[in-house]
Amino acid sequence: MEIIFANEPKEKSLKDDIKTLKRIELALKKSKQLDQTANMELASQNFKYTDCHLANWNPERFSLLYGTWLWNQSSEYQKTILNQLYWVAYYSQIISAEIATIFFNQTCAASLYGVEDFRIVCDTLDLESAQERAHINAFKTVSEELEQTLFGERIFTYPMRTPFVKTMMYSDLSKFQQWLRTQQLRAYTVLSSNSAFVGCQYFTVRGVRTLNGKIVQHQLSKFYSGMKDPEQAPIPAKISYYHFVDESFHFNTSTVISHDVINSLKPPTKFESYIANKSLWGCQKDHYNFSTAINGIFWYDPALYKPMYKILRSPVFGMSHEEALVAIEKSFCEESEGATASAKTHSEAVDSYKAYLADFKYVDKRNRDMLLMSGNNLQKHLQTNKKFFETFRKSI
């Protein structure tokens, strides 16, 4: 029985939207039933690089610098390592995203504490955060052991950090721009924990960011689920599958909160709408670039020259200084199957982001049309890579 005290105006409540409430309740129930945390934990405990060091962990096309000059020149063993390094690089970026997710799940929940009847949303976010911690541990366990075994140092991995350090691991932000982004994230933390609209609108940004990941991760998960004997699959392939199962529910949560739950709140003020559009514009900045090296991750390729140089100079490739420079230039600065595939993924992401945002009334035209992100293309990408390769050559 709902209690309304005399002379007290009734505020909007999630209970007024029975359809949305039932969707969240059902999603939480299924997420608990199919929770992959135990599988993730067991996989990370049992992982030994020596058990799967000669096996692909992803479909072949999801390999570092697939379809480039380096790929075409590599031996079968080297191609296997490039395939494994894609896994390491890809999930190192996912770790960064999931650190942010854990934090902003909690700021959103904090903002909803002051609104009636939103406990079910907060409970859903609590489960997600626990799952994200298991994901991070599994990704770190595999990635750090591979890098230590092959290189004796970190290449794509990094020590645990707060969500304010970096959003995109390899970006074109200057030191000042990165400092400014940190301050913006800190300000957003306060706003999202005090405004239920801004807190829930974070899931619009999360939904957009997850769209492209969902496409790629589905293909990574099929590498395991499509095997004749999945139990004999390399543990990293199993982790990809477990992660995709959990993340499918997380994407559903983002969609329901950003499209439906948010309608059970008061309409946004002009300031709240301004903050919402600023955060979406920041997402466009993060996703403006795309990477020839990592199809599906929107990294800034010139920032990858140094880690790639280390890989090429390692015993795995055994290249001299000049050979490594030639390999980087030919792989990053020339049009290739790999560069074309990454550009196509970027274009598909733009289209999917537009579709996701089409019905949001508070989203302005430059975000609805993905004005910034859609301005990049393969020609601009290669021109940028060529320009900064010359700078890298002189600095190394």
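Consider segment 134-174 and keep the residues that are among the acidic types (Asp, Glu) and at pLDDT 95 or above. The one that is surrounded by the most Cβ atoms within 10 Å (Cβ to Cβ) is Glu147.
The rows are residues; the columns are (1) among the hydroxyl-bearing types (Ser, Thr, Tyr); (2) under 23 Å from Asn295 (Cα atoms); (3) surrounded by fewer than 17 Cβ atoms within 10 Å (Cβ to Cβ).
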| residue | (1), (2), (3) |
| --- | --- |
| Thr345 | yes, yes, no |
| Ala349 | no, yes, no |
| Tyr356 | yes, yes, no |
| Arg366 | no, no, yes |
| Ser374 | yes, yes, no |
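Highlighted here are the helices (runs of 4 or more DSSP H) found entirely within segment 43-143 that include at least 2 residues which are among the β-branched types (Val, Ile, Thr): 76-112. In the condition set (1) touching a Leu at 6+ places or on another chain (Cβ under 7 Å); (2) surrounded by 19 or more Cβ atoms within 10 Å (Cβ to Cβ), Trp69 is compliant with all but (1).
Scanning segment 210-237 for residues that are of a type in the set (A, V, I, L, M, F, W, C) and in a helix (DSSP H, G or I), we see that the one that is surrounded by the fewest Cβ atoms within 10 Å (Cβ to Cβ) is Ile215. Within segment 75-96, the set of residues being small (Gly, Ala, Ser) and in contact (Cβ under 8 Å) with a residue 60 or more places away in the chain comprises Ala89, Ser92, Ser96. A residue that is surrounded by 18 or more Cβ atoms within 10 Å (Cβ to Cβ), part of a helix (DSSP H, G or I), of a type in the set (Val, Ile, Thr) and in contact (Cβ under 8 Å) with a residue 40 or more places away in the chain occurs nowhere in segment 283-302.
Residues of segment 285-328 that are polar (S, T, N, Q) and under 30 Å from Leu371 (Cα atoms): Asn289, Ser291, Thr292, Asn295.
Scanning segment 31-57 for residues that are more than 30 Å from Leu146 (Cβ to Cβ) and either more than 23 Å from the chain's Cα centre (by Cα) or free of Cβ contacts under 8 Å to residues at least 40 places away in the same chain (or both) gives a single hit, Gln33. Any residue in segment 4-22 that is surrounded by fewer than 17 Cβ atoms within 10 Å (Cβ to Cβ), under 29 Å from Lys140 (Cβ atoms) and at pLDDT below 90? Checking segment 4-22: not a single residue is surrounded by fewer than 17 Cβ atoms within 10 Å (Cβ to Cβ), under 29 Å from Lys140 (Cβ atoms) and at pLDDT below 90. Scanning segment 270-314 for residues that are among the aromatic types (Phe, Trp, Tyr) and either out of contact with any Asp or Glu (no Cβ under 8 Å at 6 or more places or on another chain) or more than 20 Å from Asn376 (Cα to Cα) (or both) turns up Phe271, Tyr274, Trp281, Tyr288, Phe290, Trp299, Tyr305, Tyr309.
Within segment 177-195, take every residue that is touching a residue at least 24 places away in the same chain (Cβ under 8 Å) and within 20 Å of the chain's Cα centre (by Cα) and give me the one that is nearest to His135 (Cα to Cα).
Thr189
Per-residue answers, yes or no, for (1) more than 24 Å from Met370 (Cβ to Cβ); (2) touching a helix residue (DSSP H, G or I) at 6+ places or on another chain (Cβ under 7 Å):
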site: Thr162; (1), (2): yes, no
site: Trp179; (1), (2): yes, no
site: Ala196; (1), (2): yes, yes
site: Asn212; (1), (2): no, yes
site: Tyr224; (1), (2): yes, yes
site: Met227; (1), (2): yes, no
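The residues of segment 136-176 that are among the aromatic types (Phe, Trp, Tyr), closer than 24 Å to Ile81 by Cβ and more than 15 Å from the chain's Cα centre (by Cα), listed by number, are Phe151, Tyr158.
If I filter segment 238-246 for residues that are at negative phi, at pLDDT 90 or above and not in a helix (DSSP H, G or I), do I get at least one hit? Scanning segment 238-246 turns up no residue that is at negative phi, at pLDDT 90 or above and not in a helix (DSSP H, G or I).
Listed by position, the helices (runs of 4 or more DSSP H) contained in segment 303-359 that have at least 2 residues being at pLDDT below 95 and within 23 Å of the chain's Cα centre (by Cα) are 337-357.
The values are calculated or read from the model by the stated rules, or taken from the named source; none is laboratory data. None of these values were measured; they are calculated from a predicted model. So basically every Cβ, Gly included, is an ideal-geometry build from the backbone, and we count neighbours across all protein chains shown.
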